[in-house]
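J.: Before I ask anything, here is the structure I am working with.
Bear in mind these aren't lab numbers, they're just calculated from the coordinates by the rules spelled out. The structure presented is a predicted model; accordingly, all values stated were derived computationally and were not measured. Counting neighbours? That spans all protein chains shown, and the Cβs are built from the backbone with ideal geometry, glycine included.
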Amino acid sequence: MGITYKDLEWAATGERLTEETFKAYRQKGGIVIVHLMSEDMIQFALKNPLTIVASDSLLMGGKGHPRSTGTFCRVLGQYVREKKTLTLMEALRKMTLMPAQRIEGRVPSMKNKGRIRIGADADITIFDPEKVIDKATFKEPIKYSEGIGFVLVNGVPVVKDGQLLTGITPGKPVRAAVK
């Protein structure tokens, strides 16, 4: 894919890697960020009707890729509102219903996700489409997004008036049966 060491970033320090530093950090272990996707690639992917919006990123000690915390708000703010790459309804479908439908055959509890209807899990995010935007950066990957007023997980508020509520864990495990 044309990746070289200069496209690799050590998440803990923001340092771009060389062959030598890559080998040294590999022995240590940690998160490496790969700078691969161009803006054109992202827009091309988002426009594809089969693309699901999700994130495979993780954080270690507050360091990692900003998509760990900012993926959905970035799509809503930048690619829906600012660039008009997607409509709001297209983006919401790619973030909610499509991922649930993709795995519900293997994980039946996903039939209660990504939908608002009687009997569905009440996992709901209330946001201002004119203000929602990601704020996470490579230097500050855990920076909260803006424009999210409320988040309900299983019907219980975990974000209220834009503030994260602590000590609340109303989520239910989503698991497939072991074969």
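J.: Given the criteria within 17 Å of the chain's Cα centre (by Cα) and exposed (fewer than 15 other Cβ atoms within 10 Å of the Cβ), does Asp40 qualify?
T.: When the stated conditions are applied, Asp40 does not pass them.
J.: Quick one: would you say Leu50 is assigned to a loop (DSSP other than H, G, I, E, B), more than 12 Å from the chain's Cα centre (by Cα) and more than 24 Å from Glu140 (Cα to Cα)?
T.: When the stated conditions are applied, Leu50 passes them.
J.: Return the residue satisfying two criteria in turn: it lies in segment 104-130 and is in contact (Cβ under 8 Å) with a residue 24 or more places away in the chain and farther than 24 Å from Gln163 by Cβ, and of such residues it is surrounded by the fewest Cβ atoms within 10 Å (Cβ to Cβ). Step through it out loud before you land on a result.
T.: Of the residues in segment 104-130, the ones in contact (Cβ under 8 Å) with a residue 24 or more places away in the chain are 106-107, 109-110, 113, 121-127, 129-130.
Of the ones still in play, those that are also farther than 24 Å from Gln163 by Cβ are 106-107, 109-110, 113.
Numbers: Arg106: 10, Val107: 15, Ser109: 15, Met110: 19, Lys113: 18.
Going through the qualifying residues, I end up with Arg106.
J.: Then there is this: What residue, of Glu9, Glu39, Glu15, is touching a helix residue (DSSP H, G or I) at 6+ places or on another chain (Cβ under 9 Å) and acidic (Asp, Glu)?
T.: Glu15
J.: Still on this model: Assuming Glu9 fulfils every condition listed in (1) free of Cβ contacts under 8 Å to residues at least 60 places away in the same chain; (2) in contact with a Lys or Arg (Cβ under 9 Å, 6 or more places away or on another chain); (3) on the phi < 0 side of the Ramachandran plot apart from one, which condition is it?
T.: Glu9 satisfies every listed condition except (1).
J.: Would you be able to tell me the number of residues in segment 63-81 that are touching a residue at least 60 places away in the same chain (Cβ under 8 Å), surrounded by fewer than 21 Cβ atoms within 10 Å (Cβ to Cβ) and in contact with a helix residue (DSSP H, G or I) (Cβ under 8 Å, 6 or more places away or on another chain)?
T.: Final tally of qualifying residues: 1.
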